[in-house]
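Presented below is the structure to which this report refers.
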Amino acid sequence: MALQRSLLVRRGIYHAPSCIGLHASGCLTTMSGGNEDDWEREISTEAVHAGEMHDPSGSHIDPVHMTSTYVFEDSEAIRSWGSGETDAHVYSRVGNPNREALASKLAALEGFGMEEPVAAEIFGSGMGAVSASLLGLAGAGDHIIAQSVLYGTTNHLVNEVLPKYDISTSRVPLLEASLLEAELASNPNTKVVYVETPANPTMSVVDIARTVEVAHSHGASVVVDNTFATPVLQRPLSLGADVVVHSTTKFINGHGTVIGGALVSRDPDFIENGGGALVRYMGAVPSPLDCWLTSIGLKTLPLRMREHCANARALAELLESHPNVKTTYWPGLESHPQHEIASRQMEDFGAMISIELGDFESASRFMDGLSMSSLAVSLGNVDTLVQHPASMTHRLMTPEDREAVGITDGMVRISVGIEASEDIITDFQRALSGL
Ligand code: PLP
């Protein structure tokens, strides 16, 4: 039993059959049964304690295991590891204690409140995890269906890279049920329906449960990129999705110090031998230091998301009422076309907002008028970041393709930070008044 538990932790598998917060010392807390405050309290506790490992030295925070290889005591230790009698670390591309601790913590959060085991593997980037999810589920001769709007590099992977390996792809706007049904019927070789919600950068929202229902009825798996929402706001596995991917570079780490990614699944075998194993075979391995930094960041995710969301609401309301802003896209606004879906599947509406300012000149003047907020790609940092999708994150798309999915030259994307909301609002009011 002791060996079994250590193996589960090593492989980033989290199983909470009757309790939440299972780690080396056992149960920490139990499920409350639906009270909103209890839920928030419990996921906060989970974020701090799940997956924590305690080094034999007694150090409270697990050290950074900066090592490429691991020492066996003698040849008998090698034999017993080889025959599966004992578990051992051997080589850091295959496994590392910091990577396993982070995987366990993230699996605990994505599987929060679920009875089944949830497993995770950590990658050297979000794109490493996105690629592994698709290559782990589809191969030559298979088909993948994705929504129309995706993060620019994922868009490129789906349109340009996968077809080179004989994986065909197609798009369905918002994965709307009747259109998805028809697309699946005409592509019976579909293995994956790929979802990104809220989507980068238009903030469009896809109905996860409905997509799962339609995809599963045709034997296809559902992968959800949960980067914008995080498991604090949205848990796709509990809505029936098969796999969750993350760019942990963003809110999960939260401090802009790391590039990283994660693959999470309700099927431990997919993590151990399927898409998760691609971290070893394709080598998209994260550094132990990056995993350590991300674990530390993840401890405060629930706390940060509360501040991020509150600031985003205040800013979105200002932007929506401002005469120089043509449209504000934030799923929490009643004017958002999928507000009802977002209200159903998200705990809160996140910290990503896009605005339409009319044309490239207005977008540029606005960005040049900001003083506290930084002009930078990436998102989910404690600092407010602003970027121009058409010339930055989505520049690889043709102007026609951008226009078709609503990414205009006048669109600016905002990642709202956790600074005092008054300071964020003052910065934006000043920049907007210059238009
Ligand atoms: N998914 C989304 C929604 C993203 O925004 C990004 C990056 O911005 C990625 C995936 C890729 O992550 P990474 O840059 O960590 O490879």
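The values are calculated or read from the model by the stated rules, or taken from the named source; none is laboratory data. Keep in mind that this is a model prediction, so the values were computed, not measured. When we count neighbours, we look across all protein chains shown, and the Cβ atoms used for this are built from the backbone with ideal geometry, even at glycine. Each accessible area value is taken on the protein alone, full model and side chains, heavy atoms only, with ligands, DNA and RNA left out. Shrake-Rupley method; radii C 1.70, N 1.55, O 1.52, S 1.80 Å.
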**OP:** Putting +1 on Lys and Arg Cβ atoms and -1 on Asp and Glu Cβ atoms, find which of Ser178, Met53, Asn311 reaches farthest to the positive end of the dipole of the chain.
**Re:** Met53
Subject >> the range 320-387 - Kirkwood radius from inverse mean 1/r over Cα pairs (Å) >> reply: 13.5 Å
**OP:** Could you calculate the FRET efficiency of Val94 with His60 from 1/(1 + (r/R0)^6), where r is the beta carbon distance between them and R0 is 25 Å, rounded to 0.05?
**Re:** 0.35
Original post:
With +1 on each Lys and Arg Cβ and -1 on each Asp and Glu Cβ, how big is the dipole of the range 322-435 about its Cα centre, in debye rounded to the nearest 20?
Top reply: 140 debye
Original post:
If amide H atoms are built 1.01 Å from N in the plane of the peptide, which residues on other chains or at least 5 residues away come under 5 Å of the amide H of Val149?
Top reply: Leu174
**OP:** Working with all protein chains in place, sort Trp292, Trp330, Trp81 by solvent-accessible area computed with a 1.4 Å probe, largest first.
**Re:** Trp81, Trp292, Trp330
Original post:
With every protein chain left in place, what is the accessible area per residue of the range 311-435 in square angstrom, probe 1.4 Å?
Top reply: 43 Å²
**OP:** Sorted from largest down, give the three principal axis spans of the alpha carbons of the range 41-131, whole angstrom values.
**Re:** 47, 37, 27
Subject >> Dipole in debye (nearest 20) - the chain, about Cα centre, beta carbon charges: Lys, Arg +1; Asp, Glu -1 >> reply: 620 debye
Original post:
Which Cα, out of Pro288, Asn324, Val71, lies furthest along the positive dipole direction of the chain (beta carbon charges, K/R +1, D/E -1)?
Top reply: Val71
Original post:
Rolling a 1.4 angstrom probe over the protein heavy atoms, how many square angstrom per residue are accessible across the range 87-215?
Top reply: 31 Å²
Original post:
What is the projected area of the convex hull of the Cα atoms of the range 268-339, averaged over all directions, in nm²?
Top reply: 8.4 nm²
Subject >> Percent carbon-and-sulfur accessible area, the range 337-435, ignoring ligands, DNA and RNA, probe 1.4 Å >> reply: 50 percent
Subject >> Gaussian network model of the chain, springs between alpha carbon atoms under 10 Å - residue of Leu298, Leu175, Leu162 with greatest fluctuation >> reply: Leu162
**OP:** Determine the gain in length on full extension of the stretch Met282-Ser217; use 0.36 nm per residue of separation and subtract their C-alpha separation, reporting nm with one decimal.
**Re:** 20.2 nm
Subject >> For the chain, the fraction of alpha-carbon pairs in successive 10 Å shells from zero, as % >> reply: 5, 22, 31, 25, 13, 3, 1, 0
Original post:
Considering amide H positions built from the backbone, and no H for Pro or chain starts, which residues 5 or more places from Met53, or on another chain, come under 5 Å of its amide H?
Top reply: Asp62
Subject >> Computed E for Asp87/Ser168 - FRET, C-beta separation, R0 41 angstrom, nearest 0.05 >> reply: 0.50
Subject >> Under-5 Å amide H pairs with Glu347, H placed in peptide plane, nonlocal only >> reply: Gln234
Original post:
Which part of the range 171-186 falls in the paramagnetic zone of Glu400, meaning amide N under 19 Å from the point 7 Å along Cα-to-beta-carbon?
Top reply: 171-173
Subject >> Using alpha carbons only: equivalent-ellipsoid semi-axes of the range 301-435, gyration tensor based, whole Å >> reply: 21, 18, 14
Original post:
Which ³J(HN,Hα) values, rounded to whole Hz and listed in residue order, are derived for the range 123-133 from phi using the Karplus coefficients 6.51, -1.76 and 1.60 in 6.51 cos²θ - 1.76 cosθ + 1.60 with θ = phi - 60°, glycine and proline given as x?
Top reply: 10, x, 6, x, 5, x, 6, 4, 4, 5, 4
Original post:
Ignoring any ligand, DNA or RNA, what whole percent of the accessible area of the range 234-334 comes from carbon and sulfur when the probe is 1.4 angstrom?
Top reply: 54 percent
Original post:
Which percent of the accessible area of the range 64-223 is formed by carbon and sulfur heavy atoms (probe 1.4 angstrom)?
Top reply: 55 percent
Subject >> Residue-by-residue Karplus 3J(HN,Hα) for the range 277-286, coefficients 6.51, -1.76, 1.60, Hz, glycine and proline x >> reply: 5, 5, 4, 7, 7, 9, x, 7, 8, x
Subject >> Extension gain (nm, one decimal) between Leu375 and Lys326, 0.36 nm per residue minus Cα-Cα >> reply: 15.6 nm
**OP:** Pop out the ³J(HN,Hα) list for the range 135-148 in order, Karplus 6.51 cos²θ - 1.76 cosθ + 1.60 with θ = phi - 60°, rounded to Hz; leave Gly and Pro as x.
**Re:** 6, x, 10, 10, x, 3, x, 8, 10, 10, 10, 10, 6, 6
